[in-house]
Amino acid sequence: MLRALDLAATPGVPLGPNPRVGCVILAPDGSTLVEGFHRGAGTAHAEAAAIATAREQGIDLTGATAVVTLEPCNHTGRTGPCAQALIGAQVARVVFAQSDPNPEAAGGATTLRDAGIDVENGLMADESQAINRVWSFALAHQRPYVTWKFAASLDGRSAAADGTSKWITSRAARVDTHRLRGLADTMLVGTNTVEVDDPQLTVRDADDHPIEDQPLRAVMGMRDLPARSRVFDGSAGTVHLRTHDPAEALAQLFAKERRHVFLEGGPTLASAFWKAGLVDEVVTYVAPVLLGAGRNAVDDLGIHTITDAAHLRVTDVRVIAADDEDTCVRITMTTHDPVTAATAAPEEA
């Protein structure tokens, strides 16, 4: 299973509506026959990829054991059901880590058992869930996971009193932000951010080159946007969500098979998502500078007494630095228990 998890976490797999899955098929003596992993939506699932490799190499899988990080799917989507593929390969046993939270794909374990295959589940389920934490959350809650990112001075300002804000944090922090952007499948800002800042909202690597698989650029708000805005430059997909309701915006994105929203708009938009209870993770870059006055990095969150203060779970604290420039601190926090929330129904999280 450890090897299957390594395969599932293979870097470079395009993000999208599908989970990361790895598969190792073992001979009756425990030796490895073939391996496979899912390479993104529209490609063969991990089990099917391993079975295809076995056929290409003339390897008989009769009586073998398939070890998979996720319950084999039971439906026909862009590809066929993996449960049926394993039955056709005449494997004798299937061991999987995480049950499939997708109601359309679940049920593979039952199908395999009905075919006389020995099935075991739950081995290293937490580790598998960690690889697919965002995808699991999105399927459990039927909406994208939302990461809110902002940068601030030590005293919580996003701009100086004269309005200048470029750059509060360092280049190293901006490179790191692009890395985090690339882990999401959607960038979300408000119409005001587009009009005032005219961001391109693309993801670039450390050498400032655009990455191949760009997140969707989503702009939320009712007002029309100038056609010359850089979000319409064709360098990535763009959608205009004509709503002020965060829940409606996320519903529209989920319907477009989006699973992870990187919220990088201004404080007003972030406040709306916070008040709606739709922020799951907060990433903040704190620069070691003091401004004393200027625009607050965070807008009114509807908290008016210390007893109502929002307490977040810190999951990571890291110094982001380069040799030739200022440093800053990146703090990553969640608004709920990440393990429980990934599997709980929305009202239970």
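The values are calculated or read from the model by the stated rules, or taken from the named source; none is laboratory data. Please read all numbers here as calculations on a predicted model, not as lab measurements. Here the Cβ is made from the backbone with ideal geometry for all residues, glycine too, and neighbour counts use every protein chain on show. Heads up: the accessible areas ignore ligands, DNA and RNA and are worked out on the full protein's heavy atoms, side chains in. Shrake-Rupley method; radii C 1.70, N 1.55, O 1.52, S 1.80 Å.
Values computed for the structure shown
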read-out	value
Hits in the range 267-294 - residues which are in contact (Cβ under 8 Å) with a residue 12 or more places away in the chain and surrounded by fewer than 16 Cβ atoms within 10 Å (Cβ to Cβ)	Thr268, Lys275, Ala276, Pro288, Val289, Leu290, Gly292, Ala293
The range 12-36: number of residues that are at pLDDT 95 or above, in contact with a His (Cβ under 9 Å, 6 or more places away or on another chain) and among the polar types (S, T, N, Q)	0
Segments classed as strands (runs of 3 or more DSSP E), wholly inside the range 9-99, with at least 2 members that are farther than 17 Å from Val119 by Cβ	32-37
Selection count where residues are closer than 20 Å to Ala255 by Cα and without any contact (Cβ under 8 Å) to a residue 40 or more places away in the chain, scope the range 204-232	5
Qualifying helices (runs of 4 or more DSSP H) (wholly inside the range 240-349; at least 2 residues being modelled with pLDDT under 85 and among the small types (Gly, Ala, Ser))	338-343
Residue satisfying all of: in the range 118-171; closer than 25 Å to Val261 by Cβ and β-branched (Val, Ile, Thr); most open to solvent (accessible area, probe 1.4 Å) among these	Ile131
Residues (open to solvent by 20 Å² or more (accessible area, probe 1.4 Å) and more than 18 Å from Val283 (Cβ to Cβ)) located in the range 172-192	Asn192
Qualifying residue in the range 43-65 (condition: within 19 Å of Asn121 (Cα to Cα) and open to solvent by 50 Å² or more (accessible area, probe 1.4 Å))	no
Any hit, the range 184-194, residues being more than 18 Å from the chain's Cα centre (by Cα), at pLDDT 90 or above and of a type in the set (A, V, I, L, M, F, W, C)	yes
Hits in the range 210-236 (condition: outside any loop (DSSP other than H, G, I, E, B) and either hydroxyl-bearing (Ser, Thr, Tyr) or open to solvent by 70 Å² or more (accessible area, probe 1.4 Å) (or both))	Pro210, Arg230, Phe232
